[in-house]
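To start, the structure under review is shown below, and the notes come after it.
The values are calculated or read from the model by the stated rules, or taken from the named source; none is laboratory data. Just so it is clear, the model here is predicted, and its values are computed rather than measured. A quick note on method: Cβ atoms are made from the backbone with ideal geometry, for glycine too, and the neighbour counts reach across all protein chains shown. All accessible areas refer to the heavy atoms of the entire protein, side chains included, with ligands and DNA or RNA removed. Shrake-Rupley method; radii C 1.70, N 1.55, O 1.52, S 1.80 Å.
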Amino acid sequence: MSLPRPTAADIERAIRNIPDFPKPGIQFKDITPVLADARLFSGSIDLMTEKYGPGAVDAVVGIDARGFIFAAAAAVRLHAGFVPVRKKGKLPYQTHEQQYDLEHGTATVAVHVDALRPGSRVLLIDDLLATGGTAAAAAALVKRLGAEILEISFLIELGFLGGRQKLKGYPVRSLVVF
Ligand code: AMP
């Protein structure tokens, strides 16, 4: 059974705004209604992967934690491998780490040292682009492994935060821009 494909506007309507979560002043974009709707979830994966034919992508790299949901589904759709970029301390084997700045303090993401072969063609996916720090750090890890980033793809972009500035030099795509 195939479901009629949603538009980006259909997906946008399903994203729920949660004011002041997890702290005052943050407008959290809740994607769980998109995930819970079979047509919207599958359609969002279609839209994120439609540019790529069979064999065009070697690995989809997903960013901890909601990025894993979209990246893993995209990897299955593209017949590509899935590679997690995780928050520091979560991966069991040897890692490369990359620190980045938050509004108050820093955070660190990590990837296994053997997660990608040099020259492999990678699609990097997260659920949401805000200031761009997380995705830029993940992209730096992918580059450190010698892989090639075909595109950095997001379900949602908060355009007013200017995160694309931190991702200069990479093709960036997002389905829904607020
Ligand atoms: P940034 O590094 O500022 O681009 O933040 C991106 C990461 O933080 C992503 O992994 C998002 O899941 C999460 N994030 C940041 N802001 C929001 C928001 N308003 N709603 C939901 N997730 C967010």
Out of the residues in the stretch 1-41 meeting the condition of being touching a residue at least 40 places away in the same chain (Cβ under 8 Å) and within 16 Å of the ligand (Cβ to nearest atom), tell me which one is surrounded by the most Cβ atoms within 10 Å (Cβ to Cβ). VAL34
Out of PHE28, PHE41, PHE21, report the one residue that is aromatic (Phe, Trp, Tyr) and farther than 19 Å from THR134 by Cβ. PHE41
Determine whether ALA147 is open to solvent by less than 10 Å² (accessible area, probe 1.4 Å), away from the ligand (no atom under 16 Å from the Cβ), among the small types (Gly, Ala, Ser) and within 17 Å of VAL85 (Cα to Cα). yes
Within the stretch 50-79, which residues are more than 16 Å from the ligand (Cβ to nearest atom) and open to solvent by less than 20 Å² (accessible area, probe 1.4 Å)? VAL57, ALA59, ALA75, LEU78
Can you pull out every residue in the stretch 97-151 that is within 25 Å of PHE28 (Cβ to Cβ) and over 14 Å from the mean Cα position of the chain (by Cα)? GLN98, GLN99, TYR100, ASP101, LEU102, GLU103, HIS104, GLY105, THR106, ALA107, THR108, ALA110
Selection status of ILE156, closer than 19 Å to PHE82 by Cβ, within 13 Å of the ligand (Cβ to nearest atom) and either in a strand (DSSP E or B) or small (Gly, Ala, Ser) (or both): no
Among the residues that make up the stretch 92-108, is at least one of them surrounded by fewer than 19 Cβ atoms within 10 Å (Cβ to Cβ), of a type in the set (A, V, I, L, M), part of a loop (DSSP other than H, G, I, E, B) and away from the ligand (no atom under 11 Å from the Cβ)? no
